[in-house]
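*Asks:* Here's a structure for you.
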Amino acid sequence: HDGGDHPSRAALQSERVSCVTIPSTRKDDDMFGTIARMKVLPGHEQEVQRLSNEWTTTLGAARGQTAEFVYRLDNSPNEYMLVVAFTDRDAYVRNANDPQTDRWYRQLREHLETDPEWNDGDIIQWQIVQPD
């Protein structure tokens, strides 16, 4: 944390919040996703962000993507964590096997030091937190 405009943990904990928790029922149609660790080439950060945004806004929803988060790590600014959620495993697999996804990935890969480390799995719980 760089001490910018972000609220402190203590400030967040002192506020009342509403949470909506959706626990997994472990059915075949549970949400599914991936978390990828990416090492971005120095000077290529904006291009990676552009490609990520382009994918989500043009194709993501049509392919069952429900959410995306991209983190830049404090302790390693050229490392990003990409978190992507899909409506279910089938939507994820269809997306992963689509030739258009492969073309997009090859463009993204040009801006990375190494292949991403992919970690796929069932999303067993998610929460939306909003101040009261």
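Where a number appears in this text, it was derived from the coordinates with a stated rule and is not lab data. These numbers come from a predicted model, not from an experiment. Backbone-built Cβ (ideal geometry, glycine too); neighbour counts: all protein chains shown.
*Asks:* Could you work out the local net charge near His111, counting Lys and Arg as +1, Asp and Glu as -1, over the other residues with Cβ closer than 15 Å to its Cβ?
*Replies:* 0
*Asks:* Here's something else I'd like to know. Which order do Phe32, Phe69 fall in if you start with the one that has the fewest other Cβ atoms within 10 Å?
*Replies:* Going from sparsest to densest Cβ surroundings: Phe69, Phe32.
*Asks:* Hey, another quick one. Neighbour counts of other C-beta atoms within 10 Å: give me Trp118, Trp55, Trp104 arranged from fewest to most. Please list the in-between numbers first.
*Replies:* Numbers: Trp118 12, Trp55 21, Trp104 17.
The fewest-first ordering by Cβ neighbours comes to Trp118, Trp104, Trp55.
*Asks:* When a footprinting reagent is the concern and you count Cβ atoms within 10 Å, what order do Glu117, Glu45 take, fewest first? Write out the running numbers ahead of the final one.
*Replies:* Numbers: Glu117 11, Glu45 15.
Listed from fewest to most nearby Cβ atoms, that is Glu117, Glu45.
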